[in-house]
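What follows is calculated from the coordinates using simple rules that are stated; it is not laboratory data. Small disclaimer: the values here were computed from a predicted structure and weren't measured. Because the Cβ atoms are built from the backbone with ideal geometry, glycine has one as well, and the counts that use them run over all protein chains shown.
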Amino acid sequence: MAMDLQQIAAFLMGLFELARFQPDAGAASLALTLAVIGGLGMRDWLALNATARDAALAHMLTLGVLTLVMRDDFGMPTPLSLGFWLKLMILFLGYEIAIAGIFFAKTVGRRVIRQEA
């Protein structure tokens, strides 16, 4: 019982730490670029999950490689930590929302252009 409470407390502390997570301008521009490329490259709504997954993985790998190239220390948390998976999940959900918005705008824009022609 005490172990369960400790795990719940650790999970809640991880969520509070994630609430304070604010990406820098470079990570935000990378995220915006990947979301635009993913949204414009998507063909239908069924590809949304795969596109968001690929964008999140590309984001994490790009930031990891950049930290290795720019500095000697590896800035990403270890994949065995809870913080890594929480950041990856939040990143995935953010990409799903952003890519869905861009794909929706692309779809509506095409329909408007077709009706005008």
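Treat segment 40-110 as a sphere of radius equal to its Kirkwood radius over Cα pairs and apply Stokes-Einstein at 10 °C in a medium of 1.306 mPa s; give the translational diffusion coefficient in µm²/s, rounded to a whole number. Could you put the intermediate results ahead of the total?
On the way: Rh = 13.5 Å.
D, rounded to a whole number, is 118 µm²/s.
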Q7 and A58 label points (each 7 Å along its Cα→Cβ direction) are spaced in nm at 3.6 nm
Simple SL model, points at 7 angstrom along Cα→Cβ for L46 and L80; separation in nm is 4.0 nm
